[in-house]
Amino acid sequence: MDGSKEKIILNVGGIRHEMYCSTLRTFPGTKLCSLTEPHASTLYDYNPITKEFFFDRSAQLFGYVLSYYRTKHLHCPADTCRSVLEEELAFWEISDAQLAPCCWLKLTNKDSQLEEFNVWDENEHTDDERLVVQVERRDFSWRARWQPKIWSTFEKPFSSLSAKCLAIISLLFIIGIVIIFCEETKAQYEYFAANLTIFGRSDVIHSIHEPYYHQAPYLLHLELFCVLWFTFEFSMRFFFCPDKKKFLRNPLNVADFLSLFPVYIELFTTEQIQKMPSLALWLGFVRIVYLLKLLKIIKLIETPLILRVLSYTFKSIIQEICFLLMILAFETLFFGSLFFYGELLGVHPSYRGDLHFTDIIICFWWALITLTTVGYGDIIPLTTFGQVMAAFAAIFGMLTIIIPIPIFLVKFKGYYATAITKQKLKMSKKQ
C-alpha cells in the first residue's frame, strides 16, 4: 500500500467505496489515514477474501467525508441533524471545525433557532410545574400538605372542578369591575366638567357640586365589594405561592397588587379629595389597571400555537427593535430641529404668526407623527424647505418601519416550523 496508485476498498453501511491510498493520506492522524498502514487489517474489520474494510456507519454521511478527502472541503446534507453529524465526524476523527462556512452557518442558525425555541417551550410548560412542585421538607405542616392544591386551584383553572368554578367567579368579578370603572369615568367627567365652568374657584365648586361618588354611592360600594374579592384572591395566591420572587416579577401580579389601592385610598381620604378634586382623577388614572385583569381570560382558554410563537418571536428580536427605536428617536430629534429652524428662517417675518408651532418640542411631535406616517395634519409646513424636510421624514420613517419586518418574518417562519414539528411529534407519541 505504499504506491501512489495503490487502491483500497471500504464497505460503509453496505455500500462499497474504492479509492487510492494517497487520497486517504490527505489528512494524517485520522481514522481513514490509519487504514493505509501495514497493520490496519488487524486493527479493523477486514475481510481478506473481498479485501475490504467494513464499517457499520452512515453511508450517506460517509460520502461527504470521502468527498472531504478528495476536495479538502467538508460539506453536509441540508437536512442533517447537527448531533448526528458531529458523532459521525468524531468517529472518523475529523473536527467539525473543518465544516465549510456555508454549511456551518446553515447548521448553526437552524440549531440556534431550535435550541432557543426548545428552551422557551420547556420553560413555558414547566413554569407552573416548578411552582407546584414542592421543595422536599422534613416537616409535615398543614401548609406543606395543602399548598400545591390551593395554588393549583387559584392559578390553574383546568386543574380541577373547583378551580374552574373559582376561575368563572373571578371572571365575573373582573367583568363587573370593568363595567363599574366605565360608569365611574362617566360620573367623573360630568362632575369635573361642571365644576370647571363655575368661576374657576375651588370654594364655590365644593359648595355647589358634591363629589361624584356622593352622587352615585352605589358605584363605590360595588367597587369595594369587587376589590375585597380581589384582595382575598391575591392574598391566597401570594401566601400559597412556592416562589414568591417569581410571583412578584410577573407584571400581571404587580397590576393586581396596584389595583387594590385606589378604592381604599378613596375611602380613607374623603376630606382630602373634597379639597383637592384632582386627587380623584389620579386615583381614577390608577384604576386603569383594572383593564389589565381582562388578560386573565387567556388562562381560561388554550392559547393558540401561532400566538405563542408570535410572542416568543417578539422577545427574540427585542434587541433589534430597541436599536431601531433609537434610530427613530434620532430621526425625531434631527428632523424636528431642521423643521423648527427651517420654518423660522424660511417664512416671511410678517407671516411668522401663522406658524403652527411655538417651540421645538411641538416640532419633535410633528417629526414623530410624520416619521410614523400618521400625519394628523395639526402642524403643516409653510415653506418649501419645510415641505422638503417633511417628505424626507416620511421616506426615512417608512424605511425605519419596513426594516424589521423581514427580520421578524424569517425568525417567525423558523420558530413556527419548529413548533409545528414538535406538536406533530407529541401527537404521534400520544397515539
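Quick note: the coordinates plus some simple rules give every number you see, no bench work behind them. Because the structure is a prediction, the values reported are computed rather than measured. In this analysis, Cβ positions are derived from the backbone assuming ideal geometry, glycine residues included, and neighbour counts consider all displayed protein chains.
The label point for residue 81 and the one for residue 294, both projected 7 Å from the Cα toward the Cβ, are 4.6 nm apart. Backbone amide hydrogens, once placed in the peptide plane, bring residue 52 within less than 5 Å of 47, excluding anything fewer than 5 places away on its chain.
Rounded to whole numbers, the Karplus 3J(HN,Hα) couplings from phi for the range 318-326 are 4, 5, 5, 5, 4, 5, 5, 5, 5 Hz, using 6.51 cos²θ - 1.76 cosθ + 1.60 with θ = phi - 60°, and x at Gly and Pro.
Amide H contacts under 5 Å for residue 17: 10, 11, 12, restricted to partners 5 or more places along the chain or on a different chain, H placed in the peptide plane at 1.01 Å from N.
Distance between the 7 Å Cα→Cβ label points at residue 6 and residue 49: 2.5 nm. Per-residue Karplus couplings for the range 13-28, computed as 6.51 cos²θ - 1.76 cosθ + 1.60 with θ equal to phi - 60°, are listed in order as x, x, 10, 8, 10, 10, 8, 6, 5, 4, 5, 6, 7, 4, 10, x Hz, Gly and Pro entered as x.
For the range 409-423, putting each phi into the Karplus relation 6.51 cos²θ - 1.76 cosθ + 1.60 with θ = phi - 60° gives couplings of 5, 5, 5, 5, 4, x, 5, 5, 4, 5, 5, 4, 4, 5, 5 Hz, in residue order, rounded to whole numbers and with x for Gly and Pro. Taking amide H positions as modeled 1.01 Å from N, with prolines and chain starts lacking one, the residues under 5 Å from residue 7 and 5 or more places away or on another chain are 21.
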